[in-house]
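Throughout, read-outs are computed from the coordinates displayed, never taken from laboratory work. On a predicted model such as this, the values are computed, not experimentally measured, just so you know. Here Cβ is always computed from backbone atoms with ideal geometry, including for glycine, and neighbour counts include all displayed protein chains.
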Amino acid sequence: MRDNVMTPNAGTAWVEERVRDFCERYKDGDGGKLIPLATTVPLTGFRIDGVRSGVLEIIRAQSVILRHLLSTMDTEAVLRLFGIPAQLVPWMPVLDAPEAYEAPVMRIDLIPLADGSVRICELNLDSSVGGPETAEFRRYEELAAGLPLTPTPYELLARHIAPILRQKGLTKVCLLDWSTWEGYGQFDLEWMRETLTHQLPNGVEVFLATEKSGSERIDGQTLVFRVFMADDALTDPEFVAGVFRTAGHVVGDFSGEVMGSKVWMGLLHDSELRALLPASACEVIDALVPRTHVVTDANLDALIDGRTGFFFKSAADFGGSGVIDGRTADAAGLRDRLAGENRGSWIAQEIVQPAEFPVRLIGSSETMSRECVLGLYRYGEEWSGHFLRSRSGASVINMSSGAAVGWAYEVSSVEA
């Protein structure tokens with residue numbers, strides 16, 4: 001495998017064609033965008049480097065706390081706290097060795113503030129994270145303008161898995177999705193497959209599969225990259241067990257379901273648990289993680305009374321579908337949600353006002369100032385750019401509320 005970012009000219013025409021096709025694919029019958037797509041946005045003056053170092057400190061703190069929880073609670077209680085089904089335990093090595101946890105894929109969801117600081121609102125530590133394909137829009141701009149090429153998340157994925165293939169003598173890579181998502185309109189797997197094909201050593205076969213098609217090709221010579229989600233696995237755990245048993249290597253066990261639970265945002269602010277941590281870790285947490293509480297019977301009334309200062313999030317939801325804005329929630333309805341049956345705990349996270357960026361939707365000539373949140377990617381040990389979601393009118397900025405999506409890239413103050 002080459003050490004440079006990209007094999008010269010490899011896939012250039014393919015990327016250009018895919019970007020055009022991508023824009024066409026995400027339309028309904030009347031030509032309107034199913035998912036609003038935005039042009040790329042430069043980031044200048046935001047203190048992202050502190051996040052890169054701080055996240056690793058936070059994960060070390062999580063490992064310490066998890067070890068403590070497992071020593072003082074039974075495993076079932078820990079799983080209930082995080083909202084994790086017990087069926088996934090066989091593929092969660094972090095429960096046996098928290099200190100050895102390493103996340104092969106991260107997307108750190110960030111709230112940029114107008115003063116240049118940033119806050120971490122969620123840790124997505126899972127191989128199934130969405131949005132990396134939006135980096136190809138920036139790649140298209142770089143190709144069109146003759147700019148130096150910056151690595152995309154999928155190129156960094158190639159750098160991560162190439163040594164594994166070499167060390168284990170593997171000859172195939174399977175990008176394993178679930179049939180539930182077929183026809184969903186995603187181009188991410190096509191881009192992932194094409195990028196890996198261009199970047200990995202000659203002779204490595206890269207193929208797509210689901211539990212219903214192509215998975216019979218998985219054998220001891222195959223590295224499996226898990227694209228499907230934990231909830232998908234619950235529909236056929238025997239199939240999942242077979243994959244882990246048969247494949248030569250799997251990137252993407254389910255430890256990230258534990259370490260990426262929303263509940264951590266509250267646990268990191270728990271005074272008793274913080275007593276286990278070094279002062280340096282507490283300083284990082286205070287600087288980067290908004291004040292967050294795990295909802296309990298003891299604090300339920302106070303949180304409902306002060307609800308206008310919080311977003312309420314369930315450990316079991318993804319994509320922002322279950323987020324409740326305390327500013328618009330009535331007390332009785334909120335109490336019913338928080339006190340009702342739920343897979344895992346609820347958290348109440350302090351509302352932080354995001355900075356605004358000039359955003360132009362693809363196909364529009366108008367640039368609008370929109371509040372945005374970011375998703376900073378890390379594949380292997382290398383950081384990339386950001387998945388950008390901009391407010392579409394709803395008080396919550398996420399895909400479920402119709403946020404426009406795009407790519408944000410960092411520009412130094414000197415370049416700007």
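Every Cα-Cα pair in segment 166-325 was counted, and those over 18 Å apart are 69% of them.
Label sites at Thr296 and Val411, each approximated as a point 7 angstrom past Cα along Cα to Cβ, lie 4.8 nm apart.
Bridge orientation summary for the chain: considering DSSP beta bridges with both residues in this region, about 70 percent are antiparallel. Dividing the Cα radius of gyration of segment 60-116 by its Kirkwood radius returns 1.09 for Rg/Rh. For segment 83-200, the C-alpha radius of gyration divided by 2.2 N^0.38 Å, with N the number of residues, is 1.29.
With the gyration tensor restricted to C-alpha atoms of segment 259-305, the semi-axes of the equivalent ellipsoid amount to 21, 11, 10 Å, longest first. With a Förster radius of 30 Å applied to the C-beta separation of Phe244 and Glu141, the computed FRET efficiency comes to 0.15. Helix content alone sets the calculated 222 nm mean residue ellipticity of the chain: runs of n ≥ 4 DSSP H residues at -39500 (n - 2.57) each, divided across all residues, give -9500 deg cm²/dmol. Pairs of alpha carbons in the chain separated by more than 26 Å make up 56% of all such pairs. Screening the chain for DSSP H helices whose Cα atoms reach 24 Å or more along their own axis and whose mean Kyte hydropathy is at least -1.0 gives 49-72. A Cβ-based charge dipole, computed about the Cα centre of the chain with Lys and Arg at +1 and Asp and Glu at -1, lands at about 380 debye. Using 0.36 nm per residue and subtracting the Cα-Cα separation, the extra length available between Leu276 and Ser369 on full extension is 29.2 nm.
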